[in-house]
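Presented below is the structure to which this report refers.
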Amino acid sequence: MVTAYGRDEVRQEAERVGLDAFLIKPVSASSLCDAVMGAMGIGAVKRGRRERAATLAARHVRGAHLLLVEDNDINQQVAFEILQQAGIRVTLAENGQLALDTLNRSPGSFDGVLMDIQMPVMDGYQASREIRRDARLRHLPIIAMTANAMESDRDEALAAGMNDHLPKPIDVDQLMTVLGRWIRAESPERGERLPEVPRVDPGDAAQLPELPGIDTVDGLNRVGGNLALYRRLLNTFSASKGDIPQRVREALARGDRESARREAHSLRGVAGNIGAKRLAEAAASLEDALKREDGDPQPHYAPVEAALSEVLDGLQALSEPTGRPAPESVGDGRQVATLLQQLQEALEEDSPRAVEITEALQQALAGSDLASTLDEIARCLTEYDFDAALLLHRKLLAADARGVERE
């Protein structure tokens with residue numbers, strides 16, 4: 001079946017009547033090939049080869065230093081942690097102009113650029129053209145990342161000077177394969193100094209409550225099976241994306257159609273990253289209407305708001321108490337001291353392990369005078385501000401040395 005509707009009930013009906021494969025428009029060459037091979041019973045062979053190719057590519061890029069150019073907080077978290085899990089050093093720039101500034105300061109420091117397209121201040125196309133005008137950066141690999149995955153979008157990226165094109169939401173194997181095509185670390189030893197985050201089995205989707213409107217298996221696959229990261233993405237989405245339809249309306253009211261389109265584009269991308277497929281489709285329809293000068297966004301608000309409401313209502317389950325007891329003796333002074341030392345090392349290395357260690361400390365020190373400082377550290381880490389988090393960590397050490405009482 002080939003359809004523009006990817007809702008779960010349509011897919012379930014297709015399975016019920018015995019269809020062998022299900023394709024959502026617009027159809028790409030890759031998705032068509034996967035569907036045909038799956039229907040013929042040889043999809044598993046292709047997937048195995050694809051995973052082996054991605055694993056081999058990841059070895060080549062381990063230790064590389066990439067500039068990630070991305071303005072959306074959830075997309076930043078996904079890309080940042082996937083790359084660091086692969087042993088890749090990452091520097092973040094939130095728009096094209098900041099990317100240019102970073103490259104001008106250190107033109108020889110980076111092995112490649114992952115470039116979002118739709119950004120404020122300066123978009124990815126303009127930034128790439130500016131990079132190619134600099135003789136020092138003429139051969140620096142630039143890989144586009146965008147939710148717009150049509151062949152025309154790829155052509156436009158190549159015309160702007162980019163080397164390749166990755167669709168969002170990110171597919172980990174595809175990301176590694178494309179990086180391996182263009183990027184080589186200077187030496188394998190560079191990567192050995194970078195800590196890796198242990199991967200969580202994607203089967204851990206069973207540990208999550210049922211989340212209406214979200215395919216948690218797909219969402220976990222988008223983050224390489226990292227359950228802790230996936231939970232953080234869901235919480236970030238719940239806290240910061242609920243007002244996007246209102247922001248679209250406000251932008252249109254002040255005559256800023258481009259900002260309104262960018263908000264819809266952002267919602268489409270982050271919904272795809274967490275596995276909220278129906279919401280991603282509704283946001284894509286709204287974005288398409290906003291792209292056209294004569295397009296009327298009004299009919300598209302209701303589907304977006306209905307899908308968004310379903311997702312947000314479901315995510316409330318994540319904030320409810322789990323009933324799990326705290327680990328025994330987690331508040332023990334020696335264990336806290338060990339966690340504080342581990343947190344310092346992780347912060348000094350800009351390692352995403354810092355998030356998990358901070359969460360352990362928050363559990364250990366809940367109700368103490370240190371809890372608010374830990375909350376501040378956690379907030380800094382969601383913005384990848386390791387320097388600010390390290391300064392706050394010193395406050396923790398000083399307070400712990402004074403023997404702040406823990407309840």
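The values are calculated or read from the model by the stated rules, or taken from the named source; none is laboratory data. Keep in mind that what you see is a predicted model, and the values were worked out from it rather than measured. Reconstructed Cβ throughout: ideal geometry from the backbone, glycine too, with neighbour counts over all protein chains shown.
Give me the residue from segment 352-374 that is out of contact with any helix residue (DSSP H, G or I) (no Cβ under 7 Å at 6 or more places or on another chain) and hydroxyl-bearing (S, T, Y) and, out of that set, modelled with the lowest pLDDT.
S368
I want to confirm something. Restricting to segment 267-303 and keeping residues that are part of a helix (DSSP H, G or I) and of a type in the set (K, R), which single residue is surrounded by the fewest Cβ atoms within 10 Å (Cβ to Cβ)?
Top of the filtered list is K291.
Being outside the structural domain of G63 (by TED's automatic domain parsing), among the β-branched types (V, I, T) and either out of contact with any Asp or Glu (no Cβ under 8 Å at 6 or more places or on another chain) or modelled with pLDDT of 75 or more (or both) is the filter here, so list the residues in segment 167-208 that pass it.
V200
Is there a residue in segment 316-339 that is at pLDDT 90 or above, over 30 Å from A388 (Cβ atoms), loosely packed, with under 15 Cβ neighbours inside 10 Å and not assigned by TED's automatic domain parsing to the domain that holds R394?
No, segment 316-339 contains no residue that is at pLDDT 90 or above, over 30 Å from A388 (Cβ atoms), loosely packed, with under 15 Cβ neighbours inside 10 Å and not assigned by TED's automatic domain parsing to the domain that holds R394.
Taking the conditions exactly as written (out of contact with any Gly (no Cβ under 7 Å at 6 or more places or on another chain) and touching a residue at least 24 places away in the same chain (Cβ under 8 Å)), does L211 satisfy them or not?
no
Mind checking which pairs have a first residue in segment 334-362 that is among the polar types (S, T, N, Q) and a second that is surrounded by fewer than 17 Cβ atoms within 10 Å (Cβ to Cβ), Cβ under 6 Å, 6 or more apart or different chains?
What qualifies is S351/P195.
Across segment 113-148, what is the number of residues that are over 18 Å from the mean Cα position of the chain (by Cα) and under 15 Å from V178 (Cα atoms)?
3
Considering segment 218-262 alone, what residues qualify as being among the hydrophobic types (A, V, I, L, M, F, W, C), surrounded by 14 or more Cβ atoms within 10 Å (Cβ to Cβ) and not in a loop (DSSP other than H, G, I, E, B)?
L220, L227, A228, L229, L233, L234, F237, I244, V248, A251, L252, A260
For every residue, the table says whether it meets (1) of a type in the set (S, T, N, Q); (2) over 25 Å from I82 (Cβ atoms); (3) under 15 Å from the mean Cα position of the chain (by Cα).
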position	(1), (2), (3)
P209	no, no, no
I214	no, no, no
Y230	no, no, yes
R257	no, yes, no
E263	no, no, no
V270	no, no, yes
I274	no, no, yes
K277	no, no, no
A284	no, no, no
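Report, by residue number, each residue of segment 93-138 that is buried (at least 18 other Cβ atoms within 10 Å of the Cβ) and either among the acidic types (D, E) or part of a strand (DSSP E or B) (or both).
A93, E94, D111, G112, V113, L114, M115, D116, D123, E130
Residues in segment 375-404 that are of a type in the set (G, A, S) and either modelled with pLDDT under 80 or on the phi > 0 side of the Ramachandran plot (or both): how many?
4
Does at least one position in segment 273-283 carry a residue that is touching a residue at least 40 places away in the same chain (Cβ under 8 Å), closer than 23 Å to L208 by Cα and among the basic types (K, R)?
yes
Taking the condition outside the structural domain of G180 (by TED's automatic domain parsing), of a type in the set (D, E, K, R), surrounded by fewer than 18 Cβ atoms within 10 Å (Cβ to Cβ) and at pLDDT 65 or above, does E13 pass?
So E13 passes the test.
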